[in-house]
Structures are given as structure tokens and as C-alpha cells.
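S.K.: My questions all concern the structure below.
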4 protein chains.
Amino acid sequence: MSAFQREILVRFGHCDAAGWVFYPRYFEMVSDFVEDWFEDGLEASAPGLFHHKQILTPSVHFTVDFLKPTRYGDRLTFNLWTVTIGRTSCELQIEASHGGELRMRVKQVLVFISALTGRATVIPPELVSRMHRFSAQAPHPQPKRGKARAKSPRPKKQP
Amino acid sequence: MSAFQREILVRFGHCDAAGWVFYPRYFEMVSDFVEDWFEDGLEASAPGLFHHKQILTPSVHFTVDFLKPTRYGDRLTFNLWTVTIGRTSCELQIEASHGGELRMRVKQVLVFISALTGRATVIPPELVSRMHRFSAQAPHPQPKRGKARAKSPRPKKQP
Amino acid sequence: MSAFQREILVRFGHCDAAGWVFYPRYFEMVSDFVEDWFEDGLEASAPGLFHHKQILTPSVHFTVDFLKPTRYGDRLTFNLWTVTIGRTSCELQIEASHGGELRMRVKQVLVFISALTGRATVIPPELVSRMHRFSAQAPHPQPKRGKARAKSPRPKKQP
Amino acid sequence: MSAFQREILVRFGHCDAAGWVFYPRYFEMVSDFVEDWFEDGLEASAPGLFHHKQILTPSVHFTVDFLKPTRYGDRLTFNLWTVTIGRTSCELQIEASHGGELRMRVKQVLVFISALTGRATVIPPELVSRMHRFSAQAPHPQPKRGKARAKSPRPKKQP
């Protein structure tokens, strides 16, 4: 099915002394983008999960390729797909492009945990079903150097 | 005349270990907000000024009051007025509120400089006239502890 | 008496697309520097105050002048003096210089609050006495544009 | 041979609303740590390479595992080894631990480029020989979930 998509403008403060996006700022964009996905894609506000259900979703893994540099003022298109949806964790594929050119490709694994115990907790069922809407099962244009790409036609299960 | 206004959502990464906005992140919000003002309020993209006209607008002064804490998930309303518009610099008044409650009040002075020489340069005339649209001349509701507030009915001149 | 002093190296990530320190990063440096002052100057670790005594010290005011730009690789000398020490708050004077040239001058007001109630709490007495060691009572070289400077020979009282 | 090692203190601003290190801040620590390695391990200041030789070292790849959360005030021990040293790029293994417990494991690939052309440039020979001092050839304790770990007894070549 379709990806979750947002545009992110590269700000002055995202760039380093060389005039290109400084990589920790890319991870800030990813964090904001995943929050937007929760809010608008999963209809479950991340602050709400935290404040009302004491659920946190820390990242436990990243595989990231920065394919081309991005400069101040570029408008990046971010796309997100779910690759595997497990009982307490999920794997996301995120890509950022500019003018059709892939700039960054990310594999991210999130775990749902209880803020009270610090232990993994099951993903609320209504979120699981909404996550499937964004699954990477439908083929979409193969990026260059696509080795991190999920090949399975359906999202895999994961613990 | 009217203020320039934008809403900024408080992100997970804006907050500190106490769960409130960490003050350097407030300054990141101010930087993004002033960029939006250039883009949408002054019709002069800040990246464009930098890349095409070699104009930078560093901040040389801040007076800031943090009146109430702000937490993760709050949607802050940012307002901007011009207080003084000089030949090479301008003073802005920025306020961030939540639910009508003032959270932060900022006086910021920007200087226009040439990226090539590092020296002050005159504000492009078309920007000056647009800056006046946002002048703080019309009275607007007096915030609490308003001592940093411009009292003059018209924007002052400044070098 | 003498200032609390630390050197801070300007990192790649502190700088913006123009190659100079981006102002929100200056505030990050100030935050780290004040933490170092608690740890080494006041002999009271800020994480310890937070984790064991539930005391937080949010900033409620800043007056900041950026006098000269600072570039990647510069080693800034930060100095801190206490200006006023109140019952629940204190005012600090911070200056950052490079090669004897003043780059940034900061007036910062911290309030001690209880993380549990969010209310102001008295500064622990042992901290008050150590804060006085760094008081700005002894005259030190007057910076340019020194209007934000405390003129009183002794630290003032403040609520 | 031995790893390059530094201790990094987890600051208030590194932590998120949950009180744990926010992952983009981990990447800021990695950036600073690699700068320290250039300065102290490779005897080639990163600002010097940038300002005097117009050499930049952007990161093009990361594989990162966050194994355990880290909280405000923890002192992390960062270790760095070179895994492969190519003509224009190198792969680093970085680990951050606290009290002997592995918190983060990073594989990072840096490319040396000319800031003038944006093209890859050969690593200066004196840096290559110093990089070998930190090669991961000597076995060191196997971390948990060690699949990203280089197994080869000698650093591999890489283009």
C-alpha cells in the first residue's frame, strides 16, 4: 500500500560548517517524521501514548545510508513503509529524496515499552492494523544500492 | 498591524530529562520561526538570500523570559512583530503562548551582513517595506511582566 | 573573587551553513558549562540534585549579546560569576572569549524548583555559600557595551 | 592494537522527556568523539583539515544498535577501532559502555572528500598509517548481538 509522506524543509540549523546537512540533524528529522506518522498515519499521538498510556517507542536499531549531500533550503520528501510488524516491535523503511534523487535510506527498529517498567509491551492492536496500511508489500521503485530493502511481498513477523 | 503567526508543535526531542522544553531547543524554534517569517512574511527566502545574494542575518542580541514551562506535545503559537527597523538591523518581538498563556517572550536583534565581507549591509528596500507590515505599532494585549515590551506607537529607527 | 572557568572547543556540529557558531548551540554550551559549574564549582552534581533531591534549576531569563562571530575549531574560554544570589534564584554573568576577544556575554537567571511540585524551593545552604566564592564583587575588566553588567561591588539579594 | 578511548558525560540536554539519551544526541556524541580521534589519535585536527586542506569527512553509512538505555549523568566510555581502511574511505567500529555494560554499538563509514569539488579524495598517507594503530585486528571482548562485528584478523581494504 502507499507510503506515509511528509515534506521537511532543510533549515539553517540543520547544516554544518560545510553547508550540508549534519547527520545528527537527519536523525532529528527522522524522529519528528516518525512522530508525524504516529499522529497522522496511526491516529495515535506519540505525546498521548506517553502521557496517558505510559508507552514509549525507543529505537533499538538503525541502518542508514547517506547517498548524496543535501543543502540548506532543500525540501526533502520523506517516505515511510512498515517492513515487519511484530508483537512488541516494528521495522520501518524510511527514504528521503529531493527532486526524485534519493538522499538518505533508513532501516529503523522501534520497540514499544512501558515507561513504568522499562519492559517491552505489546503494540496496541488498533495500531497494528493501521501499521499494515503502510506495509512495504506493494513494490515501489527500487532505490540504488538497495541491499537494506525488504524483499518480502508481505510484512514479516518479528518478536 | 498584525503579527506574523505560526504554530510549533513541541517534539519529543525538544524536551529534557525533566519533560519540559530544554531552552536551547526554544532558540531552535525561534530560528525556524524567523526563517518562516522571511519566507512567508517578507517573501524573501532566507536560503535564497544566502545562496544568491550572500546575505546572512546573524542575531546579535537576545532578551528572553521563560514565563511558564512547556511540555511534550503542547502546540505553541508563535507571534512576531517588528519593533525597530534600522538601515542594517532590526529588532523583533516574539512571543510563544499555549492556550492563551504566555510561555516565552523574546526580544531579538538581527543584523544583515554580507557573507563575503562579514560586514553589515543595508536591508534590501523591498524587505524594509514588508517588515513594516508587522510593526508593533498597533497595541496588542499587554503580556504579564511586560517590561521588555516596545512602548512606542511607531517602530523606532536603529542604525 | 575568581571566576569559574572552562574551555569549550567549537565542534563541527556547533556551526551553521555560514561556518559560524549557530546561536542555539551557544545555549547548549552554556547549559553544559553551568552543569560543570555545579559539579566542579559548587561540588553538587546537577544529575545528583535531579535524581536524588528532585531539584531542577530551569532558566527563567537570558540577556545575551553576541559580539563577534566564532568559527569551527576555535577554543572558547568560558567564565562565570554570580551576580545576585537570592533565596530561590540566582543571577549569573557568563562570558565566552577567544584569544582575549569577547565573543558572547550572557546574563542568566536560574530558579531552583522542586521537580515534584514545580514550585520554587530554597537553594540548599551549602550551595549558597559556595556560590559566593564566584561572586562578581571584585572588579574585572569591563567588556565593551557593558550595560548588562552588574555594577554593585557585592552580590545583590534577589527573591 | 588498542582502541582510541574517551569518556563522555551524559548531559541534561542529551536526554529526552523519558529521561534517557535521545538518539540524535548519541550521533552528536559520535561526531565529537570522531573529531577527538582525528585530533588526538590521528594527530590531524579536523578543523585544520577543513580550513587548511579543504578536506571533509562526511559519513555515508551507519549501522547502529542501542542495546540498553542511558540516563542523565551517566559517564559513557567510548571506544573506537578501524575495521577497514581504504584509499578514500574507512570503516570504524565504535562502542559506548557504562560500567562495563555495552550501551551502543556503531559501524560508521567515513569518506574523505574535497570541499572544493565534492569528490572523494585519497586519505593523506600519514593518516593512513596512524589509522592502522587503531585497527580491530587484535581480538577484544565479543559484545552481545555481535553480527555487525568485523571478524577478520586484519583490517580489510576498501575502495
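S.K.: Give the average, rounded to an integer, of partner chain Cβ atoms located within 10 angstrom of each Cβ in C:68-78.
M.R.: What the average comes to for C:68-78 is 3.
S.K.: Taking the axis that carries chain C onto chain D, what is the nearest Cβ in chain C, and at how many Å, to the whole number?
M.R.: Spelled out, residue of C and its Cβ distance from the axis onto D: C:Glu28, 5.
S.K.: What size of dipole, in debye to the nearest 20, comes out for chain C about its Cα centre when the only charges are +1 on Lys and Arg C-beta atoms and -1 on Asp and Glu C-beta atoms?
M.R.: 760 debye
S.K.: A further question follows. Set the Förster distance to 25 Å, then compute FRET efficiency between D:Glu126 and D:Thr88 from the Cβ-Cβ distance, nearest 0.05.
M.R.: About 0.95, to the nearest 0.05.
S.K.: Which whole number gives the average count of other chain Cβ atoms within 10 Å of the Cβ atoms across peptide A:51-58?
M.R.: The per-residue average across the peptide is 3.
S.K.: Let me ask you something else. How many nm is it between the label spots at A:Arg6 and A:Lys53, if each spot is 7 Å from the Cα in line with the beta carbon?
M.R.: 1.8 nm
S.K.: Next question. Report Rg(Cα)/(2.2 N^0.38 Å) for region B:37-81, keeping two decimals.
M.R.: So the Cα radius of gyration is 1.59 times the expected 2.2 N^0.38 Å.
S.K.: Further question: To the nearest 20 debye, what charge dipole does region B:1-66 have about its Cα centre, counting +1 at the Cβ of each Lys and Arg and -1 at the Cβ of each Asp and Glu? Please list the in-between numbers first.
M.R.: On the way: 4 positive and 10 negative charges, 29 e Å.
Dipole about the Cα centre, nearest 20: 140 debye.
S.K.: Would you please put B:41-54, B:114-127 in order of how densely packed they are, using the mean number of other Cβ atoms within 10 angstrom per residue and starting with the highest? If you can, show how the numbers build up before the last one.
M.R.: On the way: B:41-54: 16.5, B:114-127: 13.6.
Result, highest mean Cβ count within 10 Å first: B:41-54, B:114-127.
S.K.: From the gyration tensor of the Cα coordinates in chain B, what semi-axes in whole Å does the equivalent ellipsoid have, largest first, with each one equal to sqrt(5λ)?
M.R.: Over the Cα atoms of chain B, the semi-axes work out to 26, 19, 13 Å.
S.K.: Across the residues of C:29-35, average count of Cβ atoms on other protein chains within 10 Å?
M.R.: Mean partner-chain Cβ count within 10 Å for C:29-35: 3.
S.K.: Per DSSP helix of 4 or more residues, -39500 (n - 2.57); summed, then divided by the residues of the protein assembly as shown. What does that give at 222 nm, rounded to the nearest 500?
M.R.: Helix contribution divided over all residues of the protein assembly as shown: -5500 deg cm²/dmol.
S.K.: For the protein assembly as shown, report the convex hull volume of the alpha-carbon atoms normalised per residue, in Å³, without decimals.
M.R.: Dividing the Cα hull volume of the protein assembly as shown by its residues yields 160 Å³.
S.K.: Using amide H atoms built 1.01 Å from N in the peptide plane, name the residues 5+ places from C:His61, or on other chains, whose amide H lies under 5 Å from its own.
M.R.: Here B:Phe66, C:Val109 satisfy the definition.
Laboratory data are not the source of any read-out in this text; all were calculated from the coordinates shown. None of the values given here were measured: they were computed from a predicted structure. Here the Cβ is made from the backbone with ideal geometry for all residues, glycine too, and neighbour counts use every protein chain on show.
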